[in-house]
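The values are calculated or read from the model by the stated rules, or taken from the named source; none is laboratory data. Everything numeric in this text was worked out from a predicted model, so none of it was measured. Please note: Cβ atoms are built from the backbone with ideal geometry, for glycine as well, and neighbour counts cover all protein chains shown.
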Amino acid sequence: MDFSLLSEPESWELVKKLGRFPEVVERARKEYEPFVVCNYLFELTGVFNQFYTRYRVLGSGEYEPARLLLVDCIRVVLAQGLRLLGATPLEQM
């Protein structure tokens, strides 16, 4: 898989945001402030919405494998964040 295809600014913003998840969880734990996770998830969905609105994922040719993996990483982080907050993530809508 060629991750260099994720060269769009929105893609890199998502990658950076995903990389912050462990520190966000740690901060929420240390400060006993679950809203920190809520705010992070809200921000992540905003950045993802910008990406998804602008770029095709399925049917994007050579970009598809890298974009699908990025979307799956977002799915995993959102699900973990919701579980930490006591919510059950939806499998599909």
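Screening 43, 64 for residues that are assigned to a helix (DSSP H, G or I), acidic (Asp, Glu) and at pLDDT 95 or above leaves exactly one candidate, 43.
Every residue, every condition in (1) in contact with a Pro (Cβ under 7 Å, 6 or more places away or on another chain); (2) surrounded by 17 or more Cβ atoms within 10 Å (Cβ to Cβ); (3) hydroxyl-bearing (Ser, Thr, Tyr); (4) in contact (Cβ under 8 Å) with a residue 12 or more places away in the chain, yes or no:
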| residue | (1), (2), (3), (4) |
| --- | --- |
| 37 | no, yes, no, yes |
| 51 | no, yes, no, yes |
| 63 | no, yes, yes, yes |
| 69 | no, no, no, yes |
| 74 | no, yes, no, yes |
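Taking every residue in the range 21-35 that is acidic (Asp, Glu) and pairing it with any residue that is in a helix (DSSP H, G or I), at least 6 positions away or on another chain, the pairs with Cβ-Cβ distances below 9 Å are 33/27.
For the range 11-20, the condition holds for at least one residue, the condition being that it is of a type in the set (Phe, Trp, Tyr) and either in contact (Cβ under 8 Å) with a residue 40 or more places away in the chain or farther than 19 Å from residue 87 by Cα (or both).
Please enumerate the residues belonging to the range 26-35 that are surrounded by fewer than 17 Cβ atoms within 10 Å (Cβ to Cβ) and in a helix (DSSP H, G or I). Please lay out each step first, then the result.
To start, the set of residues in the range 26-35 that are surrounded by fewer than 17 Cβ atoms within 10 Å (Cβ to Cβ) comprises 26-27, 29-35.
Listed by number, the residues that qualify are 26, 27, 29, 30, 31, 35.
When the range 39-49 is filtered for residues that are more than 19 Å from residue 86 (Cα to Cα) and surrounded by 15 or more Cβ atoms within 10 Å (Cβ to Cβ), the ones remaining, listed by number, are 47, 48. Looking only at the range 1-24, residues that are crowded, with 17+ Cβ neighbours inside 10 Å and closer than 19 Å to residue 38 by Cβ come to 5 in all.
Once the range 1-25 is narrowed to residues that are of a type in the set (Gly, Ala, Ser) and assigned to a helix (DSSP H, G or I), the residue that is nearest to residue 55 (Cα to Cα) is 11.
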